[in-house]
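The values are calculated or read from the model by the stated rules, or taken from the named source; none is laboratory data. Computed from a predicted model, the values in this text were never measured in an experiment. Neighbour counts are summed over all protein chains in view; Cβ atoms, including those assigned to glycine, are modelled from backbone coordinates with ideal geometry.
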Amino acid sequence: MSLLTRLGRKNGRNSQVRIFAAQDEAQEMAEERSYQAVKHRIHQRIIDEMTPAEQVLLSSMNQDPRKVEEVITRYCERVLDMNTAFNVPRGEKARLIADIRDEMLGLGPIEPLLQDDSITEIMVNGPKKVFVERLGKLERTDVQFHDNAHIMNIAERILTPLGRRIDESSPLVDARLEDGSRVNIIIPPLALNGPSITIRKFSKKPLTVDNLIAFGTIDEKMAKFLRACVEARINILVSGGTGSGKTTTLNVISSFIPEEERIVTIEDAAELRLQQEHVVTLESRPANIEGEGQITIRDLVRNALRMRPDRIIVGEVRSGEALDMLQAMNTGHDGSLTTAHANSPRDALSRLETMVLMSGLELPVRAIREQISSAIDLIIQQSRLRDGSRKITHVTEVQHMEGNTITMQDIFRYQQQGYDENGKAIGHYVATGLKPDFMDKFEINDVDLPDDFFAAEPETRRSMF
């Protein structure tokens, strides 16, 4: 048999395999569309048959899932029995009932994604494209909405309990779910592909420093140093890119604050979950439909100074509130914490400088840099690597001014050596051997570290991740 003949037969078999795979995929898509259509029709029939009093009763039973499931099951079975056009296999009934319960009382198609602890982010890009982040990697799901109106209905269900709104006059909103998960919603005409919902989930159980060590985000020596810095009332800025884990790290290091101190947290959407007893949580407020009543982060920072705080924690500085935060750090509120978007410790200082200029005050650049160098003691730089893992790549001290430049030095850093055959990052944490200049604050606050704590160690002795 000639080579061309064998190749022809092989290509023919491959073509048949591709045809069968395409047919199977088309059949699965058709079955899914049929299932969605049946679910939608049964859902509408149940809503039509329910009296307003029954709908109120069903909502009031939301805390007892078994009773809710019993009621919805009865309605589903009655609708299915009355209409033989709904040909639902016995094995699909449980899924159908669960999906309809989510439609009526939860967040519809994305409710199962919210309950999946392995998922950290949910991204709805229009009705037919729903993506999730799982273990640091993006993947597309088979979850779909009926149409744009269906997404808008879920968006309204998210925002109504929060007293927020979304419409053409206010087409984007930042909010949070009851469990603290962050939600961003943007709709047409700003979103051209249809309404978009992004939900950044937070662990039901707050992460601890031991979790970060286990994940390889930090090592034990760095964790001990950060605990000492918080106890010694060092002003800390956590910087990093979007999704790098800044808020998680801020949550963890804030757990080192002593119980007897009064803490005021300030955020756009309250995400921090501090475990201390004496915590006051403040949240900014957008303007109402008349364009009035807006309360900004900057307003809250100024107000917090009158609330007798021992520590001020600002979830993130984005603009002019950076000036107020720096002034608070410079006027007796030592040990304050905040986050900012930046790609490196040096970039973080440049971003702070830009944000101070956004306050509207025409300050000389040198004066701004002097404020920054005297206020910020330590920068924790966090990054998300290509394999999806989060690492604290630099723990950097902000020192003082030399001429017109703020000097800095790394205390710890992560040295990456590449990726293994599975795509996982290879690297290790090292101490630079440099001792921070703010050790006098450790003495004042009675915080002790061994004399050789900052000595550079052989790489082989450090933890590997």
Exercise. Test each condition in (1) of a type outside the set (Val, Ile, Thr); (2) over 22 Å from the mean Cα position of the chain (by Cα); (3) under 26 Å from Asp179 (Cβ atoms) for Ser254 and report the one that comes out false.
Key: (2)
Quiz item: Do we find a residue being crowded, with 18+ Cβ neighbours inside 10 Å, over 22 Å from the mean Cα position of the chain (by Cα), assigned by TED's automatic domain parsing to the domain that holds Leu385 and not in a loop (DSSP other than H, G, I, E, B) anywhere in region 269-281?
Solution: no
Practice problem: Scan region 189-202 residue by residue and report those that are surrounded by 15 or more Cβ atoms within 10 Å (Cβ to Cβ) and either of a type in the set (Val, Ile, Thr) or out of contact with any Ser or Thr (no Cβ under 7 Å at 6 or more places or on another chain) (or both). | Solution: Ala191, Gly194, Pro195, Ser196, Ile197, Thr198, Ile199
Practice problem: Looking only at region 433-445, decide whether some residue is touching a helix residue (DSSP H, G or I) at 6+ places or on another chain (Cβ under 7 Å) and surrounded by 18 or more Cβ atoms within 10 Å (Cβ to Cβ). | Solution: yes
Quiz prompt | For Ile266: the one exception among (1) surrounded by fewer than 20 Cβ atoms within 10 Å (Cβ to Cβ); (2) within 22 Å of Asp299 (Cα to Cα); (3) free of Cβ contacts under 8 Å to residues at least 60 places away in the same chain; (4) not acidic (Asp, Glu) | solution = (1)
Self-check item: Enumeration of residues in region 147-158 that are surrounded by 16 or more Cβ atoms within 10 Å (Cβ to Cβ) and among the hydrophobic types (A, V, I, L, M, F, W, C)
Solution: Ile151, Met152, Ile154, Ala155, Ile158
Self-check item: Residue satisfying condition, being assigned to a helix (DSSP H, G or I) and touching a residue at least 12 places away in the same chain (Cβ under 8 Å), within set Glu443, Glu353
Solution: Glu353
Quiz item: Pick from Gln381, Gln294, Gln327: which is assigned by TED's automatic domain parsing to the domain that holds Asp219 and out of contact with any helix residue (DSSP H, G or I) (no Cβ under 9 Å at 6 or more places or on another chain)?
Solution: Gln294
Practice problem: Grab the helices (runs of 4 or more DSSP H) fully contained in region 170-259, keeping just those with 1 or more residues being polar (S, T, N, Q) and over 24 Å from Ser373 (Cα atoms). | Solution: 209-215, 246-254
Quiz prompt | Within region 377-420, tally of residues that are over 19 Å from Ala232 (Cβ atoms), among the hydroxyl-bearing types (Ser, Thr, Tyr), in contact with a strand residue (DSSP E or B) (Cβ under 9 Å, 6 or more places away or on another chain) and assigned to a strand (DSSP E or B) | solution = 5
Quiz item: Is it the case that Leu113 is of a type outside the set (Lys, Arg), at pLDDT 70 or above and not assigned by TED's automatic domain parsing to the domain that holds Asn184?
Solution: no
Quiz item: Among (1) touching a residue at least 24 places away in the same chain (Cβ under 8 Å); (2) part of a helix (DSSP H, G or I); (3) under 24 Å from Ile372 (Cβ atoms), which single condition is Asn303 missing?
Solution: (1)
Quiz item: Given Glu259, Glu271, which one is of a type in the set (D, E, K, R), modelled with pLDDT under 90 and on the phi < 0 side of the Ramachandran plot?
Solution: Glu271
Self-check item: Selection count where residues are charged (D, E, K, R) and within 24 Å of His400 (Cα to Cα), scope region 419-442
Solution: 4
